[in-house]
Amino acid sequence: MKRLLQYTAWNWSMGRGPVTLLLVLGAAAECLLLFVAAASANQSALLYGDLVETAGILWVIAAVYLLLPICAQAVQERAAHMTRTSYTLFTLPLSRWELLLGRALSGVIWMILGMAVQTLVLVLLCGPILALQDSVSAGYFLFEVTEPGRLWWSLAECSVLRMMPPNSIPGVIFTAGMILIPSWMMPSAFTHTGWKRVTAFVIALVEQVSLFMLAYPALAGRTTWEQIGQSLQTSRGMGTFLFVLTGVAVAQILWGLWASYRSEAAA
């Protein structure tokens, strides 16, 4: 267990630079979009949650969500090609599934930290954005716009903040799937070479896009995790779609594990 944790920590540290840059760029893009939207007189009366959706923040979140597992894993492949450490990985005192598990755990940690950073960014931006909206509105209305408790209610009514972190069992299940599946699939894809890697990489991206589109109505405040869970239980098509997503994810992970054992045999 100690060696597995050490390997996980090493994998996590390898991705610090690219992931930090990605999160900083994502936060900067969200800040710019929100301030531009709040500075518009046509959107000065929108609630904070509605402004988040109108400004296009959800698409920035989607881009960060798709790129984060890649940034967390790709730097290790670059280092392996430069120093030829790909040969020494198989000499570590760890099983092949432990090597994959270590990389997956580091990805899980980064995904959770990314979610925490996203939540913190939206919370910290709420006050300045509301102040800018009030400043813009002051030029068009003859009454005071602010009221006691407005900051709290603006945060509470923001659908993205209600989803992160989840506060219900269906929300926990969906969020766990959105974190665990790409964290396992991306390092599994990188165990391949050539066209197999490209195929596994595309499968992992399609899986991530499908998961995000499934969660998009909840993030946009159009539904809740509970309603999505109920639709999966009552709709045969939705249930089949989720079953296919799960089966494809498991198959791709096992394919990557099999490839790692084949690589060891070939070496």
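The values are calculated or read from the model by the stated rules, or taken from the named source; none is laboratory data. Because the structure is a prediction, the values reported are computed rather than measured. We place every Cβ from the backbone using ideal geometry, glycine too, and count neighbours over all the protein chains shown. Just the protein is used for accessible areas: all its heavy atoms, side chains included, with ligands, DNA and RNA removed. Shrake-Rupley method; radii C 1.70, N 1.55, O 1.52, S 1.80 Å.
Miscellaneous remarks
- Scanning region 17-35 for residues being more than 19 Å from Leu155 (Cα to Cα) and surrounded by 13 or more Cβ atoms within 10 Å (Cβ to Cβ) gives a total of 8.
- Test: residue in region 136-156 that is open to solvent by 70 Å² or more (accessible area, probe 1.4 Å) and at pLDDT 75 or above: no
- Within region 62-83, the residues that satisfy the criterion of being at pLDDT 85 or above and open to solvent by less than 20 Å² (accessible area, probe 1.4 Å) are Ala62, Leu68, Pro69, Ala72.
- When we screen Arg262, Arg222 for residues that are open to solvent by 60 Å² or more (accessible area, probe 1.4 Å) and either under 24 Å from Val52 (Cβ atoms) or outside any helix (DSSP H, G or I) (or both), the only hit is Arg222.
- Residue within region 176-198 that is surrounded by fewer than 16 Cβ atoms within 10 Å (Cβ to Cβ), assigned to a helix (DSSP H, G or I), in contact (Cβ under 8 Å) with a residue 40 or more places away in the chain and touching a Gly at 6+ places or on another chain (Cβ under 8 Å) present: no
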